[in-house]
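First the structure, in the form of structure tokens, and then the observations on it.
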Amino acid sequence: MTRPRTLYEKIWDAHVVEQRPDGTCLIFIDRHLVHEVTSPQAFAGLRASGRTVRRPDLTLAVPDHNLPTTPRKDAAGQRLPIADAESAAQLAALETNAPAFGIRYIDAVAPEQGIVHVVGPEQGFSLPGTTIVCGDSHTACHGGIGALAFGIGTSEVEHVLATQTLLLQPAKTMEVRVEGEVGPGVTAKDIILHITGVIGAAGGTGHVIEYTGSAIRALSVEGRLTVSNMAIEGGARAGLIAPDDVTFAYLKGRPYAPKGADWDAAVAYWTSLATDLGATYDKTVVIDAADIAPSVTWGTSPEDVVPITGTVPAPDSFADPSKQAAAAKSLAYMGLEPGTRMQDVAIENIFIGSCTNSRIEDLRAAAAVLKGRHKAAGVKWAIVVPGSGLVKAQAEAEGLDRIFTDAGLEWREPGCSACLGMNPDKVPAGERCASTSNRNFVGRQGPGSRTHLVSPAMAAAAAVTGRLTDVRELID
Amino acid sequence: MAPIEKVEGRAIPFGLKNVDTDVIIPAKWLKTISREGLGRGAFETLRADPDNLFDNPEFAGAPILIAGDNFGCGSSREHAAWALGDLGIRVVIAPSYSDIFSGNAVKNGILPVVLPQTAIDRLMEVAATDPIHVDLDTQTVTTPFQDRFRFDIDPFRKMCLLNGLDEISLTEKSETAIAAHEKKMATDQPWLIPATP
Ligand code: SF4
């Protein structure tokens, strides 16, 4: 009998092409997702060295980061140009590079276009037990279906394009077990915000985190993708959730998913991947689901999390002197005073979207709060950005778009949007945004922007009242 | 990629913790399709302050940057390494880095030295007035005041940096093993090849 192994170790072992004497391994990459921002220099590198793409069949390209989310076609169905010259150049580069290197390409106006981490699982291109990379740090997202997925830089993008492999050091393993049932109004986003608050922004450095426990198993695939998406905010290279029947039901019949006898063989294999009884992790953190409230960030690190019922902490409440200094800086940037009740913080902007929270379930949760209500007068800008064209179509079929527009929110085209200040969707300097994205870094949503990370339901609640709000007061 | 063996010069005593890649190079600078010229955007937000270290003539052309814990956290953008390189930085010294950043640094010929906070505190002091010497071969950081700090580095990364080696050419030497893996995958797990929709 072999030694009991964790999910991570099983996926890792199955992908080792070669092991170097120092323990570094050449790892085969099963899926490579490519977008317009981190790929132009990689393709330029291939051209310069006369290399080709080794496995175009395992590669999928889709633009998302800097596409504007305003209509992409005019009334006559003609594609509209992108005003920003640099964004247009990046998009044009991908449009040329994908066919030139024989890569599958979902173009900017295709019905399947969307955020790369929404598109991968939705198309069944991302599969359990595979290794997945993409030049975006939230690639960890695909861990929600049990894939070992992580973000890479442009040199690595070039390396994977050329060789379909990466040189990696095995990571340590960390288990974050969330046991019990979450209360009403508490979503997958609150779970991962709470986890990040507990373990800290560097808590998972050098580790791959496997999320386990009854509260994780109870999540839909959408919720699991949300949790794993933010593994990187806890410092981990990747997140993982063991694939189960919920995962298989989600993937079955998706365009690139295995079919027929292949499907059965795949399911049998995926089922065998779960962490063995008796396998050990290098680190384990146990969290009681009952302790998790609807959560919100107050600072400029995703570890700066408090329950919505909490207050802005005082810098000297932290033991670590460097954290005290960082907190003081954060508060100055965020324009917040210690002791302020989070629920008294006024919000001018609402962003519901990003690869963390733009799937159908997220939009349903936001719509449930907004139905029959209207955004507050103090909310100047509120947008809902579906994660993909397919999510958009589904939401429209369910009438969610009407709920949003009736409530005074804008309904946009799919893309990364205000998750990062790269496209026209930005939060003005000095203003606050209740945002369903994953990062509250300085300037992330535009220079001077102040981000409060929340769940879609909490963002909707903030839209209604014009301040950070405990969504439990608006649902019954 | 230029090899690194010894780097001597002024070190920017930056020292801040949890510096994310958005701070190193803001998102608006990512819209390039080439790798050069990003030094202009490096630390842009901090450089809005006229007293910032990066535009201080004292540290003009400094090849070393001293930083705090968890340097390069956040977004995986490799532009952070390009921006540092374009700024003339060859070595970063910090107590810890985000995994992605340290990988990107090495791939772009920047040496990420890990030293404990006590050593960082001392180097920050020295850097304010004097040069620092980094020797990759002997894995030491020294100062004109007899300070000597040894650092660890992954031997493969060390070899790549010392020789200025490009990783793709190295990997191409493993062609037989890669092809064997592909063959095994095609027979054992044919469903791994994406279905035709
Ligand atoms: S939505 Fe944000 S985090 Fe997700 S892929 Fe786009 S930019 Fe990256």
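The values are calculated or read from the model by the stated rules, or taken from the named source; none is laboratory data. Everything numeric here is computed off the predicted structure, so don't read it as measured data. Quick reminder, even Gly has a Cβ in these numbers, built from the backbone with ideal geometry, and neighbours come from all protein chains shown.
Filter the range A:412-425 down to residues that are within 11 Å of chain B (Cβ to nearest Cβ) and crowded, with 24+ Cβ neighbours inside 10 Å and give me whichever is farthest from the ligand (Cβ to nearest atom).
Filtering the range A:412-425 down to residues within 11 Å of chain B (Cβ to nearest Cβ) leaves A:416, A:419-423.
From what's left, crowded, with 24+ Cβ neighbours inside 10 Å: A:416, A:419-420, A:422.
Numbers: A:416: 3, A:419: 3, A:420: 5, A:422: 7 Å.
So, considering only residues that are within 11 Å of chain B (Cβ to nearest Cβ) and crowded, with 24+ Cβ neighbours inside 10 Å, the one farthest from the ligand (Cβ to nearest atom) is A:422.
Got at least one residue in the range A:278-291 being more than 9 Å from chain B (Cβ to nearest Cβ), polar (S, T, N, Q) and under 26 Å from residue A:182 (Cβ atoms)? Give the derivation first.
Kept after step one, since they are more than 9 Å from chain B (Cβ to nearest Cβ), are these residues of the range A:278-291: A:278-291.
Among the residues that remain, those that are also polar (S, T, N, Q) are: A:280, A:284.
Of the ones still in play, those that are also under 26 Å from residue A:182 (Cβ atoms) are A:284.
Yes, because at least one residue in the range A:278-291 is more than 9 Å from chain B (Cβ to nearest Cβ), polar (S, T, N, Q) and under 26 Å from residue A:182 (Cβ atoms).
Residue B:65 satisfies every condition listed in (1) away from chain A (no Cβ under 12 Å); (2) in contact with a Ser or Thr (Cβ under 6 Å, 6 or more places away or on another chain); (3) aliphatic (A, V, I, L, M) except (2). Against the numbered list (1) at the interface with chain B (Cβ under 9 Å from one of its Cβ atoms); (2) more than 16 Å from the ligand (Cβ to nearest atom), residue A:87 comes up short only at (2). Taking the stated definitions as given, is residue A:71 more than 12 Å from chain B (Cβ to nearest Cβ) and within 16 Å of the ligand (Cβ to nearest atom)? So residue A:71 does not fit the description; no.
When the range A:148-158 is filtered for residues that are among the aliphatic types (A, V, I, L, M) and away from the ligand (no atom under 16 Å from the Cβ), only A:148 remains.
Matching residues to (1) of a type in the set (A, V, I, L, M, F, W, C); (2) in contact (Cβ under 8 Å) with a residue 40 or more places away in the chain; (3) within 16 Å of the ligand (Cβ to nearest atom):
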| site | (1), (2), (3) |
| --- | --- |
| A:54 | no, yes, no |
| A:79 | no, no, no |
| A:94 | yes, yes, yes |
| A:97 | no, yes, no |
| A:110 | yes, yes, no |
| A:136 | no, yes, yes |
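Checking each residue in the range A:432-444 for being more than 11 Å from the ligand (Cβ to nearest atom) and either assigned to a loop (DSSP other than H, G, I, E, B) or within 14 Å of chain B (Cβ to nearest Cβ) (or both) picks out A:440, A:441, A:442, A:443. Each residue in the range B:147-169 was checked for being facing chain A (nearest Cβ under 8 Å) and surrounded by 17 or more Cβ atoms within 10 Å (Cβ to Cβ), and 3 of them qualify. Restrict the check to the range A:27-48 and report whether at least one residue is more than 17 Å from residue A:135 (Cβ to Cβ), touching a helix residue (DSSP H, G or I) at 6+ places or on another chain (Cβ under 8 Å) and at pLDDT 95 or above. Yes, the range A:27-48 contains a residue that is more than 17 Å from residue A:135 (Cβ to Cβ), touching a helix residue (DSSP H, G or I) at 6+ places or on another chain (Cβ under 8 Å) and at pLDDT 95 or above.
Condition check ((1) modelled with pLDDT of 95 or more; (2) within 12 Å of chain B (Cβ to nearest Cβ); (3) not in a loop (DSSP other than H, G, I, E, B)) across all residues:
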{"residue": "A:141", "(1), (2), (3)": "yes, no, yes"}
{"residue": "A:156", "(1), (2), (3)": "no, yes, yes"}
{"residue": "A:159", "(1), (2), (3)": "yes, yes, yes"}
{"residue": "A:176", "(1), (2), (3)": "yes, no, yes"}
{"residue": "A:189", "(1), (2), (3)": "yes, no, yes"}
{"residue": "A:193", "(1), (2), (3)": "yes, no, yes"}
{"residue": "A:198", "(1), (2), (3)": "yes, no, yes"}
{"residue": "A:209", "(1), (2), (3)": "yes, no, yes"}
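Filtered by the rule that a residue be touching a Ser or Thr at 6+ places or on another chain (Cβ under 9 Å) and closer than 15 Å to residue A:103 by Cβ, the range A:31-43 gives A:31, A:32, A:33, A:34, A:36, A:38, A:39, A:40, A:42, A:43.
Considering only residues that are assigned to a helix (DSSP H, G or I) and touching a residue at least 60 places away in the same chain (Cβ under 8 Å), which ones fall in the range A:56-77? Reasoning before the result, please.
Filtering the range A:56-77 for residues assigned to a helix (DSSP H, G or I) gives A:56-58.
Matches in the range A:56-77: A:58 only.
Comparison of A:254, A:237 shows that the only residue that is touching a residue at least 40 places away in the same chain (Cβ under 8 Å), surrounded by 24 or more Cβ atoms within 10 Å (Cβ to Cβ) and not hydrophobic (A, V, I, L, M, F, W, C) is A:237.
When the range A:16-53 is filtered for residues that are more than 8 Å from chain B (Cβ to nearest Cβ) and in a loop (DSSP other than H, G, I, E, B), the ones remaining, listed by number, are A:21, A:23, A:29, A:35, A:36, A:39, A:50, A:52, A:53.
Identify the single condition in (1) touching a Gly at 6+ places or on another chain (Cβ under 6 Å); (2) within 14 Å of the ligand (Cβ to nearest atom) that residue A:429 does not satisfy, given that it satisfies every other one. Result: residue A:429 passes all but (2). As a summary of the residue check, residue A:214 satisfies the conditions (1) crowded, with 23+ Cβ neighbours inside 10 Å; (2) more than 9 Å from chain B (Cβ to nearest Cβ); (3) polar (S, T, N, Q) except for the one numbered (1).
Just checking, how many residues over the range B:27-40 are touching a helix residue (DSSP H, G or I) at 6+ places or on another chain (Cβ under 6 Å) and surrounded by 23 or more Cβ atoms within 10 Å (Cβ to Cβ)?
First, the residues of the range B:27-40 that are touching a helix residue (DSSP H, G or I) at 6+ places or on another chain (Cβ under 6 Å): B:29-31, B:33, B:35, B:38-39.
Cutting the leftovers down to surrounded by 23 or more Cβ atoms within 10 Å (Cβ to Cβ) gives us B:30.
Residues that pass the stated criteria total 1.
For the range B:140-185, a residue qualifies if it is assigned to a helix (DSSP H, G or I) and touching a residue at least 40 places away in the same chain (Cβ under 8 Å), and the qualifying residues are B:157, B:160, B:161, B:162, B:163, B:167. Filter the range A:236-249 down to the residues that are away from the ligand (no atom under 16 Å from the Cβ) and in contact with a strand residue (DSSP E or B) (Cβ under 9 Å, 6 or more places away or on another chain), then identify the one that is nearest to the other protein chains (Cβ to nearest Cβ). For the range A:236-249, the residue satisfying everything is A:240. Reported count of residues in the range A:453-476, each being surrounded by fewer than 24 Cβ atoms within 10 Å (Cβ to Cβ), at pLDDT 95 or above and not hydrophobic (A, V, I, L, M, F, W, C), is 6.
From the list A:447, A:456, the lone residue that is within 26 Å of residue A:201 (Cα to Cα) and away from the ligand (no atom under 16 Å from the Cβ) is A:447.
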